[in-house]
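Participant: Below: one structure in structure tokens.
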Amino acid sequence: MNPIGAHMSIAGGLSRAFQRLEAVGGECLQLFVKPNVQWAAGDVSLEEVERFQKERARTRVNPVVAHASYLLNLASPEADLRRRSILTLALEIVRCARLGLPYLILHPGSHGSSGLGVGIRRIAAGLDQALKRAAVPEVELLLETTAGAGTQVGHRPEQLRDILGHSRDSSRLGICLDTSHVFAAGFDLSREAEGEQFWQDLERQVGLERLKVIHANDSRTPLGSHSDRHMHIGQGYLGKAAFARLLTDPRLAGRPFILETPKGTAGDQSWDAVNIRTLKALRR
Ligand SMILES: [Zn+2]
Ligand SMILES: [Zn+2]
């Protein structure tokens with residue numbers, strides 16, 4: 001069975017995300033471990049860690065995973081931005097370790113005008129450096145599949161394979177698959193046969209044991225649009241049947257399904273509650 005949950009805000013403190021998730025019936029959680037659009041990341045206080053662990057134990061949410069800052073770009077041709085990205089990633093890894101989070105999900109990066117091969121090598125080296133600098137043994141970094149907008153790296157399985165291959169030690173690297181990104185990248189998960197081809201390709205290129213987390217988002221934009229627009233489950237181009245297939249696929253058993261669909265309310269209910277209920281119904 002796949003735990004089903006959502007990305008939740010940490011406004012007011014990291015531990016507040018648990019109440020928000022609880023209110024919408026979530027079983028697993030994704031959060032930022034620091035304000036997402038700023039570089040600075042101070043220490044997590046002992047009190048904050050304690051509050052976090054208490055809330056986690058009380059709500060029995062599992063797993064809890066982190067999403068890295070959107071500012072990071074390990075593939076950047078700008079040396080300064082790239083250095084800052086590695087440093088911030090290392091800080092975020094340390095914060096995850098303090099909080100006891102197993103996975104930190106990040107977007108591989110955009111190579112600018114450098115070319116794909118250079119971008120891939122920069123990402124691999126950046127991951128190695130961040131893990132080394134963080135010097136904590138626990139946390140794994142998960143490369144998120146991208147929609148392939150602009151010069152984004154990581155929208156095809158072989159690109160993920162090459163990042164893993166260029167890393168000096170890929171034992172702490174894995175994959176996070178975003179359903180809407182994969183669809184926007186041109187892999188038709190809305191159809192059974194095409195979807196199956198994609199899964200077999202992913203298995204061949206990186207191995208499904210590397211896949212640790214699924215971002216469950218329907219797509220507001222059509223197949224191959226390379227545009228990253230999330231939609232409520234069943235209201236986009238992917239459709240409910242695609243999610244029903246994923247939630248009953250034994251190869252994906254146990255992976256957390258985490259919503260990053262638009263927030264807000266549908267009548268008197270939150271959209272998160274509606275989407276979580278929809279996914280729960282589909283996994284039976
Ligand atoms: Zn992401
Ligand atoms: Zn997205």
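Participant: Let me have the 222 nm mean residue ellipticity of the chain computed from DSSP H runs of 4+ only, each contributing -39500 (n - 2.57), with the sum over all residues rounded to the nearest 500.
Facilitator: -12500 deg cm²/dmol
Participant: Taking the mean number of other Cβ atoms within 10 Å as a proxy for protection, how do you rank 246-256, 81-91, 57-67 from highest to lowest?
Facilitator: 81-91, 57-67, 246-256
Participant: Here's another thing I want to ask about it. For the stretch 4-263, what are the per-bin percents of Cα-Cα distances with bins 10 Å wide, up to the bin holding the maximum?
Facilitator: Cα pair-distance distribution for the stretch 4-263, in percent: 7, 32, 37, 21, 3, 0.
Participant: A further question on this structure: With Cβ to Cβ distances under 15 Å as the rule, what net charge do the other residues near His111 carry (K, R +1; D, E -1)?
Facilitator: Counting the neighbours of His111, the net charge comes to +2.
Participant: For the chain, give the share of DSSP beta bridges that are antiparallel, in percent and rounded to the nearest 5; count only bridges with both residues there.
Facilitator: 15
Participant: Between the alpha-carbon centers of the stretch 185-203 and the stretch 29-98, tell me the distance in whole angstrom.
Facilitator: Comparing the Cα centres of the stretch 185-203 and the stretch 29-98, I get a distance of 31 Å.
Participant: Over the Cα atoms of the stretch 127-239, what is the Rg over Rh ratio if Rh follows Kirkwood?
Facilitator: Reported Rg/Rh (Cα atoms, Kirkwood Rh): 1.00.
Participant: Using a simple charge model, +1 on the beta-carbon of Lys and Arg, -1 on the beta-carbon of Asp and Glu, nothing else, what dipole does the chain show about its Cα centre, in debye to the nearest 20?
Facilitator: Rounded to the nearest 20 debye, it is 360 debye.
Participant: Given a cut-off of under 8 Å on Cα pairs at least six residues apart, what relative contact order in percent is computed for the stretch 4-263?
Facilitator: For the stretch 4-263, the relative contact order is 16 percent.
Participant: Can you give me the long-range amide H partners of Leu259? Hydrogens built in the peptide plane at 1.01 Å from N, cutoff under 5 Å, separation of 5 or more residues or another chain.
Facilitator: Residues meeting the amide H criterion: Gly5, Ala6, His7, Ala216.
Participant: Rank by packing, highest mean first: peptides 267-280, 103-116, with packing defined as the count of other Cβ atoms within 10 Å averaged across residues.
Facilitator: 103-116, 267-280
Coordinate-derived values only; no laboratory data. Fair warning: this is a prediction, and the values are worked out from it, not measured in the lab. Here Cβ is always computed from backbone atoms with ideal geometry, including for glycine, and neighbour counts include all displayed protein chains.
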